[in-house]
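Nothing in this text is a laboratory measurement; each read-out follows from the coordinates by a stated rule. Note that this is a predicted model, so its numbers are computed, not measured. Every residue, glycine among them, receives a Cβ derived from its backbone with ideal geometry; neighbour counts consider all protein chains shown.
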């Protein structure tokens, strides 16, 4: 992500177009955001659709609504752009019909679907459908080969948490900046990965603790008073429970907190104006000691904060 990139919020609605134009405009608009596709409109002459787009770098979240349509990605489309990213589909109204690799899914509100662009698929819905579409990089989720066309439960448990986070990220689109948008977006991807893990690998109770701890750390890492004991106290669990939950994913409360602060500091070093000091960035990221920040930064990224800013 470079300094030239900006956080974009953009609303589009075919209602402002002249008769006969909406279908062509929609096809071009969707391909610009999602790559090569073909379209079959239920009523092209009177088609109505709209989007609210949020984008920062490769992170893209779109709230869309439209009349009936079929989106198709053919083998030729797959070969033409080589895009192997994944789309998360979260309907808010209507039913999405997704077909890939001979598997057919009906995705209703309270559910979500995953589809890879690496292979052909069809996605259809009737009029007055509305859904969130979230871009996910290839390999971001623990999916086995051939299982990309998946149906997820967003009506309860961790799936419900993820669905609410997506809706809130959209609702707060004007109140967040690129850094905050990226932070929440990455958290959603992490939680989605937990939704896809087999239950025996991560028991429900520890999974809930793990998710809550990661969310709390992301929201409060800038507080220099935050430490493992404060995390456990704030969430109402024992420190031992928190340690066991994070141990399952190969980390500890202190390591998670330090890594989150270091990731935040690296983003700030890349994006902050040249006049902002490294000491200020370290303090903003939750570090009390500049020397400890420098040593931890070099140990994690193999370079000093000064080197990171220069790059």
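According to the Cα gyration tensor, what semi-axes, each the square root of 5 times an eigenvalue, does the equivalent ellipsoid of the chain have, listed from largest to smallest in whole Å? Walk me through the intermediate numbers first.
Numbers: eigenvalues 289, 113, 58 Å².
Gyration-tensor ellipsoid for the chain: 38, 24, 17 Å.
Per residue, the convex hull spanned by the Cα atoms of region 199-310 measures out at 101 cubic angstrom. Here the spin labels are modelled as points 7 Å beyond Cα on the Cα-Cβ line, and at residue 25 and residue 220 they lie 4.8 nm apart. Sorting the segments 303-310, 257-264, 90-97 by their mean number of nearby beta carbons within 10 angstrom, highest to lowest, gives 257-264, 90-97, 303-310. A straight line joining the Cα centroids of region 244-281 and region 1-78 runs 35 Å. Here 185, 71 are placed in order of increasing Cβ neighbour count within 10 Å, fewest first, which gives 71, 185.
In the chain, Cα pairs under 8 Å separated by at least six residues give a relative contact order of 13 percent.
Sorted by average packing, counted as other Cβ atoms within 10 angstrom per residue and highest first, what order do 127-135, 38-46, 112-120 take? Show your work: numbers first, answer last.
Working: 127-135: 18.9, 38-46: 13.8, 112-120: 21.6.
Descending mean neighbour count gives 112-120, 127-135, 38-46.
Given Cα positions, please report Rg to Rh for region 105-192, the hydrodynamic radius being the Kirkwood one. In region 105-192, Rg relative to Rh is 0.96. What is the Cα centroid distance between region 89-147 and region 286-311, reported in whole angstrom? Their Cα centres are 41 Å away from one another. Helix 178-196 and the longest principal axis of the Cα set of the chain meet at an angle near 80°.
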